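The next block holds one structure in the form of structure tokens; read it before the comments.
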Amino acid sequence: GDRLPLIPEHLLKAGLSDAAGVTTSAVMNFAGLFGGTLAGYLATRMSLARLLRVLMLLVAGLIAVFGWLPPQLWVIYLASGALGFVMWGASATVYSAYALSYPPRLRASGIGMVVTAGRAGSIFGPYVAGVLLTLGMQVATVTALLAIPAVIAALMFGRMRLDIFFLMMRRPPR
């Protein structure tokens with residue numbers, strides 16, 4: 001599904017068709033296949049914290065500017081592809097960070113709690129966006145506000161030590 005839930009509504013308000021909204025979602029998800037794959041490859045070759053920081057900042061920037069895009073399909077498709085690429089790349093990479101953040105005996109519970117929090121955010125985010133739009137806030141302002149959690153995540157990942165090579169090279173205690 002859509003990772004930025006107000007895209008179809010934004011396209012309709014811009015005078016574009018329902019089909020444009022469906023295509024935008026498809027472009028976003030298709031590009032995400034490549035983003036997730038590339039992020040997985042890069043995660044084995046560089047600092048995971050640095051990769052996550054960059055991806056989260058790119059996600060924040062692309063979400064923030066999405067509400068300012070002109071109603072031209074090629075621009076929207078290009079931005080959707082870029083957003084899907086980095087958003088799915090970040091999403092795939094963040095699970096590695098979570099797995100490395102918990103000791104083995106707590107890993108399943110820790111990741112389960114994080115995934116639950118993420119699902120709550122995927123419910124709460126669209127709800128808040130809908131309330132703000134109903135109150136008359138402009139789409140550009142709402143998308144800028146929706147980018148804030150990604151900036152916070154980038155800052156948090158910047159403080160973590162998530163170097164896969166470092167963690168893999170440590171010998172387990174005997």
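The values are calculated or read from the model by the stated rules, or taken from the named source; none is laboratory data. What you see is a predicted model; the values in this text were computed from it and never measured. All Cβ positions, glycine included, derive from the backbone under ideal geometry; neighbour counts span all protein chains shown. Note: accessible area is taken over every heavy atom of the protein model, side chains too, but ligands, DNA and RNA are not part of it. Shrake-Rupley method; radii C 1.70, N 1.55, O 1.52, S 1.80 Å.
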- Query: Is it true that some residue in the range 61-68 is part of a loop (DSSP other than H, G, I, E, B) and in contact (Cβ under 8 Å) with a residue 40 or more places away in the chain?
  - Reply: yes
- Message: residue 118 - would you say it is in contact (Cβ under 8 Å) with a residue 24 or more places away in the chain, within 23 Å of residue 28 (Cα to Cα) and in a helix (DSSP H, G or I)?
- Response: no
- Message: Taking the conditions exactly as written (modelled with pLDDT of 80 or more and among the aromatic types (Phe, Trp, Tyr)), does residue 124 satisfy them or not?
- Response: yes
- Query: So which of 109, 96, 80, 91 ends up being open to solvent by 60 Å² or more (accessible area, probe 1.4 Å) and either out of contact with any Phe, Trp or Tyr (no Cβ under 7 Å at 6 or more places or on another chain) or assigned to a helix (DSSP H, G or I) (or both)?
  - Reply: 109
- Query: Condition test on residue 63, is it among the β-branched types (Val, Ile, Thr), within 22 Å of residue 151 (Cβ to Cβ) and open to solvent by 20 Å² or more (accessible area, probe 1.4 Å)?
  - Reply: no
- Query: Restricting the search to the range 127-167, which residues are in a loop (DSSP other than H, G, I, E, B), modelled with pLDDT under 85 and either of a type in the set (A, V, I, L, M) or touching a strand residue (DSSP E or B) at 6+ places or on another chain (Cβ under 6 Å) (or both)?
  - Reply: 160, 162
- Task: Tally the residues that are farther than 11 Å from residue 89 by Cα and without any contact (Cβ under 8 Å) to a residue 40 or more places away in the chain, restricting the search to the range 26-47.
- Result: 3
- Message: Condition first: open to solvent by less than 60 Å² (accessible area, probe 1.4 Å), of a type in the set (A, V, I, L, M, F, W, C) and under 21 Å from residue 36 (Cβ atoms). Now tell me which residues in the range 112-141 satisfy that.
- Response: 114, 115
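A quick yes/no check of all residues on (1) open to solvent by less than 60 Å² (accessible area, probe 1.4 Å); (2) in contact with an Asp or Glu (Cβ under 9 Å, 6 or more places away or on another chain); (3) modelled with pLDDT of 80 or more:
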site	(1), (2), (3)
11	yes, yes, no
28	yes, yes, yes
32	yes, no, yes
45	no, no, yes
